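Report on one structure; see the data block that follows.
The values are calculated or read from the model by the stated rules, or taken from the named source; none is laboratory data. Please read all numbers here as calculations on a predicted model, not as lab measurements. Quick reminder, even Gly has a Cβ in these numbers, built from the backbone with ideal geometry, and neighbours come from all protein chains shown. Side chains are part of the model used for accessible areas, which takes the heavy atoms of the whole protein and leaves out ligands, DNA and RNA. Shrake-Rupley method; radii C 1.70, N 1.55, O 1.52, S 1.80 Å.
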Amino acid sequence: MDILTLELLDVTVFQALLELRGLLGDHPGEAMRIRGEDDLLRVNVAGFLEKQGRTARLIRQGGQWELQVAQAARPVPLVSPAAPTIRPVLVLRSAFAPGDRALGRRLLLETLSHLEPGTPWLCLAHQAVELLEDPGAVAILEGLRGRGIPIHLSAASLVHGGQETTAFDLVSDDGWQKLLARGGVTVL
């Protein structure tokens with residue numbers, strides 16, 4: 001089997017690192033050799049390899065150099081994959097809009113019924129507190145709570161709408177507002 005070879009002649013450091021990054025992404029963990037002439041380029045390439053956890057042996061051949069990169073024990077990704085996080089859900093409307101309100105309500109409630117287990121919480125705010133007047137919607141919310149998803153209600157939204165309820169937890173609005181401002185919630 002041929003060893004991967006990257007020739008870095010007449011390229012800038014930036015171009016060389018882009019090429020190397022692409023090669024490492026396409027062939028993670030494989031052994032390779034990298035050849036070049038410029039010592040500044042070699043230093044940068046060796047430093048990049050070191051940051052990726054790859055060991056390289058330098059061989060001089062006249063005015064040129066070669067870095068022999070050993071095969072990794074296990075492939076090392078350039079960017080470690082992050083575990084998908086389930087964000088809390090903020091519901092601001094009592095139906096998807098614009099369009100037919102009945103269809104929008106049905107689609108919203110069906111969407112809520114499909115929330116994943118492990119969803120940190122669901123909060124009704126703004127027009128979504130109108131869902132508390134719909135027995136079908138309340139049944140879905142209670143089902144979510146039964147699956148371990150806490151249901152919260154915006155205190156300011158309830159006061160503004162003149163509603164009172166003890167069915168779900170009342171929360172101050174600054175918590176979800178801070179998360180919303182940082183993009184830390186899924187908004188429906």
Given (1) under 30 Å from Gly184 (Cα atoms); (2) touching a strand residue (DSSP E or B) at 6+ places or on another chain (Cβ under 8 Å); (3) free of Cβ contacts under 8 Å to residues at least 60 places away in the same chain; (4) surrounded by fewer than 19 Cβ atoms within 10 Å (Cβ to Cβ), number of the condition Ser113 does not satisfy: (2)
On the basis of being within 15 Å of Val187 (Cα to Cα) and either within 32 Å of the chain's Cα centre (by Cα) or not charged (D, E, K, R) (or both), does Val69 make the cut? no
Under the condition of being among the acidic types (Asp, Glu) and surrounded by fewer than 13 Cβ atoms within 10 Å (Cβ to Cβ), which residue from region 8-35 is nearest to Gln52 (Cα to Cα)? Asp26
Within region 36-54, restricting attention to residues that are basic (Lys, Arg) and closer than 15 Å to Leu24 by Cα, which residue is most open to solvent (accessible area, probe 1.4 Å)? Lys51
Just to be sure I understand the filter: pairs with C-beta atoms under 6 Å, separated by 6 or more residues or on different chains, first member in region 53-69 and among the basic types (Lys, Arg), second member open to solvent by 60 Å² or more (accessible area, probe 1.4 Å). Which pairs pass? Arg57/Gln68
Inside region 157-180, the number of residues satisfying the requirement of being in contact with an Asp or Glu (Cβ under 9 Å, 6 or more places away or on another chain) and buried (at least 16 other Cβ atoms within 10 Å of the Cβ) is 3
